[in-house]
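Here is the structure we will look at.
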Amino acid sequence: MYNEILSIGPVTIHGYGLMIGIGVMVALIMGDYRAKSKGLNGDLIYGLSLTTVVLGFLCARVLFIITEWKNFVKDPMSFVTGSGFVVYGGIIGGLLVIFGYCKWKKM
């Protein structure tokens with residue numbers, strides 16, 4: 001997969017990020033379709049998706065900082081402005097958010 005798909009000025013679209021975005025959109029569309037077929041409220045699916053994506057990215061970033069702790073201690077600001085995620089952190093965080101959200105909304 002190509003690292004940089006498109007660059008327009010300071011904005012660069014990377015292949016991995018594009019595939020994540022496409023996957024999120026397809027999951028949202030399929031989730032909405034399945035919710036409607038089972039008689040569930042589609043708005044709950046949109047809220048669940050947004051919450052899961054945001055907190056999943058946050059957890060992926062936190063796990064990256066944990067795994068790179070020695071470098072983080074040396075220069076904490078480089079992790080705020082830099083890039084780096086650990087996919088397992090996003091998956092674990094996303095699953096925890098899904099369980100918590102469903103329990104909170106009584107789904």
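The values are calculated or read from the model by the stated rules, or taken from the named source; none is laboratory data. Keep in mind that what you see is a predicted model, and the values were worked out from it rather than measured. Here the Cβ positions follow ideal geometry from the backbone for every residue, glycine too, while neighbour counts run over all protein chains shown. Surface accessibility is based on the protein's heavy atoms, side chains included, excluding ligands, DNA and RNA. Shrake-Rupley method; radii C 1.70, N 1.55, O 1.52, S 1.80 Å.
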In the stretch 77-102, anything small (Gly, Ala, Ser) and crowded, with 16+ Cβ neighbours inside 10 Å is listed as GLY89, GLY90, GLY93, GLY94
Filter the stretch 24-39 down to residues that are open to solvent by less than 100 Å² (accessible area, probe 1.4 Å), under 18 Å from the mean Cα position of the chain (by Cα) and of a type in the set (A, V, I, L, M) and give me whichever is farthest from PHE85 (Cα to Cα).
MET30
Among LEU18, LEU6, which is the only one that is in contact with a strand residue (DSSP E or B) (Cβ under 7 Å, 6 or more places away or on another chain), surrounded by fewer than 14 Cβ atoms within 10 Å (Cβ to Cβ), free of Cβ contacts under 8 Å to residues at least 40 places away in the same chain and outside any loop (DSSP other than H, G, I, E, B)?
LEU6
Between a first residue in the stretch 53-76 that is surrounded by 11 or more Cβ atoms within 10 Å (Cβ to Cβ) and a second residue that is at pLDDT below 85 and not aliphatic (A, V, I, L, M), which pairs have beta carbons less than 6 Å apart while being 6 or more apart in sequence or on different chains?
ALA60/PHE85; ARG61/PHE85; PHE64/GLY84; PHE64/PHE85; ILE65/PHE72; ILE65/PHE79; PHE72/PHE79
Give all pairs with beta carbons closer than 9 Å in which a residue from the stretch 25-40 that is under 18 Å from CYS102 (Cα atoms) meets a residue that is modelled with pLDDT of 90 or more and basic (Lys, Arg); count only pairs at least 6 apart in sequence or on separate chains.
LEU40/ARG34
Is the stretch 58-74 home to any residue that is under 30 Å from MET107 (Cβ atoms) and among the acidic types (Asp, Glu)?
no
Condition met for GLY42 (over 14 Å from VAL87 (Cα atoms), among the small types (Gly, Ala, Ser), modelled with pLDDT under 85 and open to solvent by less than 70 Å² (accessible area, probe 1.4 Å)):
yes
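Yes or no, residue by residue, for (1) under 30 Å from ASP43 (Cβ atoms); (2) touching an Asp or Glu at 6+ places or on another chain (Cβ under 6 Å); (3) not in a helix (DSSP H, G or I):
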residue: ALA60; (1), (2), (3): yes, no, no
residue: ILE65; (1), (2), (3): no, no, no
residue: ASN71; (1), (2), (3): no, no, no
residue: MET77; (1), (2), (3): no, no, no
residue: VAL80; (1), (2), (3): no, no, no
residue: SER83; (1), (2), (3): no, no, yes
residue: ILE91; (1), (2), (3): yes, no, no
residue: ILE98; (1), (2), (3): yes, no, no
residue: TYR101; (1), (2), (3): yes, no, no
